[in-house]
Amino acid sequence: MNNAIGVVQQGVVILLAGLSVLTFFSTLKKVNPYGRYAAADEKHTMASRPGWLLFESPQWWAFTVTYWSTAEALSSPGLVLYALWQCHYIYRGVFYPLRRNDHTKRFPINTVIFGILFNALNGFANGYAVGHAEHLMDPAWFADPRFGLGLIIAAVGWIVNYQADTILIHLRSDGFTGYRIPRGGAFHWVSGANYSGEILLWTGWAIMSWTLAGFVFALFTVSNLLPRALSHHQWYLQHFPDYPRERKAVIPWVL
């Protein structure tokens, strides 16, 4: 049975790699119409809070079901990776929407549907990879430099992402519903600090897990968020004459 599931997982990883390439070029051409890019008369939308919950939740349940039902053995590296994945996505899918001060915002239903499908496939692919990668079956993986390096990068990415979320949320803590220039934290260097943090997080995860599924997810994260960060940067420059010109979009001093 596991052999058949493994074949399916390989096919899913190839599919996700292809989606990464398509997502990069399509998002460069047209940014996804949510948040500041949503049209006032946009049809087929839903409230942002349940939209985020539906969008992100497959990452934790698909990973959970796959890992616990197919893992060849429960190992300490695998359990650590499982716990880190769950902590992030329970935050991202539950606590993050509750923290947001955007009750009037809407989310495109087609984006929610795509997110559910992608995140379910991605949770499955990575849950299976963590439960079957030979090197993750051995506690000695904790001493491998790739685990330590990946953990540091992922931790820095999560901190940057969380801090950026907090800064953006506080911009509307007084009931303001428009957009302001974010300041502080990694916003000192880049316009898309939240996206920079997310990219670092999943790059670190890929190095920690050292699986093809992990690296494909990191690739998709870049493909999805880099074009959006570039769009955000141009949007800020166009809408705020006093916007800090020394900032880059997503990589300090580079891009």
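The numbers here are math on the coordinates, done by the rules we state, and not lab data. Bear in mind that the values here come from a model prediction, so they are computed numbers and not experimental data. Backbone-built Cβ (ideal geometry, glycine too); neighbour counts: all protein chains shown.
Using modelled backbone amide H atoms (1.01 Å from N, in-plane), which distant-in-sequence or interchain residues come within less than 5 Å of K248's amide H?
V190, S191, W253
Specify the residue with the greatest mean-square fluctuation among N161, N122, N110, computed from a Gaussian network of the chain linking alpha-carbon atoms under 10 Å apart.
Greatest mean-square fluctuation among the candidates belongs to N110.
Under a 5 Å amide H to amide H cut-off, with H placed in plane at 1.01 Å, what residues pair with K105 once short-range neighbours are removed?
It is S48, by chain and number.
For the chain, find the longest principal axis of its Cα atoms and tell me its angle to the long axis of helix 76-90, 0 to 90°, nearest 10.
In the chain, helix 76-90 runs at an angle near 30 degrees to the longest axis.
Just the Cα atoms of region 2-239, one point each, no solvent: what log10 I(q)/I(0) does Debye give at q = 0.16 Å⁻¹?
After summing over all Cα pairs, the log10 values are -1.21.
By how many degrees, between 0 and 90 and to the nearest 10, does the Cα long axis of helix 145-170 differ from the longest principal axis of the chain?
30
State which stretch of the chain is the longest one without any exposed GluC sites (Glu not before Pro), exposure meaning a DSSP loop state and at most 15 other Cβ atoms within 10 Å.
Segment 73-245 is the longest.
For the Cα atoms of the chain, what angle does the longest principal axis make with the long axis of helix 109-132, in degrees from 0 to 90, nearest 10?
30
About the Cα centre, and with charges only on the beta carbon of Lys, Arg (+1) and Asp, Glu (-1), how big is the dipole of the chain? Nearest 20 debye, please. Before the final figure, lay out the partial values.
Numbers: 18 positive and 13 negative charges, 190 e Å.
Roughly 920 debye for the chain.
Please name which of L84, A218, G197 has its Cα lying farthest along the dipole of the chain towards the positive end, using unit charges on Cβ (Lys, Arg +1; Asp, Glu -1) and the Cα centre as origin.
The Cα lying farthest towards the positive end belongs to G197.
With runs of 4+ DSSP H residues as the only contributors, calculate the mean residue ellipticity of the chain at 222 nm using -39,500 (n - 2.57) per run, divided by the residue total and rounded to the nearest 500.
That calculation yields -22500 deg cm²/dmol at 222 nm.
What are the ³J(HN,Hα) couplings of region 236-247, residue after residue, when phi is run through the Karplus curve with 6.51, -1.76, 1.60 and θ = phi - 60°? Round to Hz, x for glycine and proline.
4, 4, 6, 9, 10, x, 9, 5, x, 6, 7, 6
What stretch of the chain, leaving out the sites themselves, is the longest with no chymotrypsin sites (Phe, Trp or Tyr not before Pro) in a DSSP loop having at most 14 other Cβ atoms within 10 Å?
Maximal segment without exposed cleavage sites: 1-175.
Exactly which trypsin sites (Lys or Arg not before Pro) in region 146-212 are in a DSSP loop and have at most 15 other Cβ atoms within 10 Å?
Loop-located and lightly packed - R172, R180, R183.
Would you kindly derive the ³J(HN,Hα) couplings of region 202-216 from the backbone phi angles with the Karplus curve 6.51 cos²θ - 1.76 cosθ + 1.60 (θ = phi - 60°), listing them in order in whole Hz, with x for Gly and Pro?
Here the 3J(HN,Hα) series is 7, 5, x, 4, 4, 5, 4, 7, 6, 10, 4, 4, x, 5, 5 Hz.
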